[in-house]
1. Under a point spin-label approximation (7 Å from Cα along Cα-to-Cβ), what is the R135-R29 distance to one decimal in nm?
2. Considering only A10, Y58, I161, whose Cα is most displaced toward the positive end of the charge dipole of the chain, charges sitting on Cβ of Lys, Arg (+1) and Asp, Glu (-1)?
3. Taking θ = phi - 60°, what integer Hz values does the Karplus form 6.51 cos²θ - 1.76 cosθ + 1.60 yield along the range 141-153, in sequence order, with x for Gly and Pro?
4. If each residue of separation counts as 0.36 nm, what is the full-extension length gain between E146 and R55 once their alpha-carbon separation is subtracted?
5. Sorted by packing (mean other beta-carbon atoms within 10 Å per residue), highest first, where do 60-68, 110-118 land?
6. Give the shape of the range 1-124 as rounded, prolate or oblate, defined through the alpha-carbon gyration tensor: a ≥ b ≥ c are the square roots of its eigenvalues, a/c under 1.5 means rounded, and otherwise the shape is prolate if a/b is larger than b/c and oblate if not.
7. Do you know the relative contact order of the chain, to the nearest whole percent, from alpha carbon pairs under 8 angstrom that are 6+ apart?
8. If amide hydrogens are placed 1.01 Å from N in the peptide plane, which non-local residues have theirs closer than 5 Å to the one on V165?
Amino acid sequence: HLDPGPAAVAGDYPDLFPAAFAPHGLELRVYEATLGELPEDLDECDVWMVSGSRRSAYEDEGWIAAVSDLIVRIEAARRPLAGICFGHQLTARALGGEVTRAEVGWGVGGRRFDVVAPAPWMDDGDRFTLLMSHRDQVTRLPDGAEVVATAPYCPVGAYRIGDHVFCVQGHPEFVPDLSLALMEARREIIGDAVVDAGVASLDAAAPPLDQDRVAGWISEFYRRALGR
């Protein structure tokens with residue numbers, strides 16, 4: 001879940017994800033993993049997604065270990081799996097990669113990424129801008145993974161494993177008001193200079209955000225993986 005203050009601005013993850021993906025034809029079922037709610041059978045859903053979290057992928061918590069085990073099961077069964085922010089990181093770590101606190105510090109606001117290896121479910125654009133909120137990064141990918149998008153501050157901005165795993169560090173489900181609220185709520189932790197730059201990245205002169213575009217990629221990834 002998000003911090004209560006920012007969540008009051010635009011909703012929590014169980015609200016944000018349906019709002020972002022329903023227009024693309026996805027019907028989502030939410031599992032409260034932090035409360036121990038996880039699927040018993042992979043057939044409960046056609047596709048899988050691991051969302052963001054306030055926690056770090058390397059923290060020693062029972063629910064994080066349980067979700068890691070679930071990720072391993074999903075990948076071994078070649079079920080379609082997408083990861084967002086924490087989910088991007090936890091998927092990499094669960095499958096043999098590495099996640100660490102980023103030396104460059106926080107990434108917040110709108111950040112631009114270069115597409116270096118476009119996947120079949122993406123369009124022909126060579127870059128995208130996505131709302132970010134993280135201070136951990138994937139620093140080593142699992143075997144068989146390929147970087148899809150990169151930025152100087154975040155080398156692994158998106159990656160794929162074959163045609164059944166697709167993960168992005170950014171938040172396609174975020175809206176600008178939520179991004180602003182998160183930055184202000186964490187200003188003391190993030191630092192004034194980084195927050196001010198993040199706020200500036202959302203003004204009218206900044207590059208347009210690609211929230212819906214990236215949500216569309218993930219949705220098309222699912223459709224292709226299911227053969228639809």
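1. If labels sit at R135 and R29, their model points lie 3.7 nm apart.
2. Of the options given, the answer is I161.
3. Ordered by residue, 3J(HN,Hα) equals 7, x, 4, x, 8, 10, 5, 9, 9, 8, 9, x, 7 Hz.
4. Extra length available between E146 and R55 comes to 30.3 nm.
5. The peptides rank, most packed first, as 110-118, 60-68.
6. Working: a/c = 1.10, a/b = 1.08, b/c = 1.02.
Rounded shape, in that the Cα axes give a/c under 1.5.
7. Details: 406 pairs, mean separation 51.3, N = 228.
Dividing the mean separation by the residue count of the chain yields 22 percent.
8. For V165, the qualifying residues are L81.
No value in this document is a laboratory result; all are computed from the given coordinates. Not measured: the values here are computed from a predicted model. Quick reminder, even Gly has a Cβ in these numbers, built from the backbone with ideal geometry, and neighbours come from all protein chains shown.
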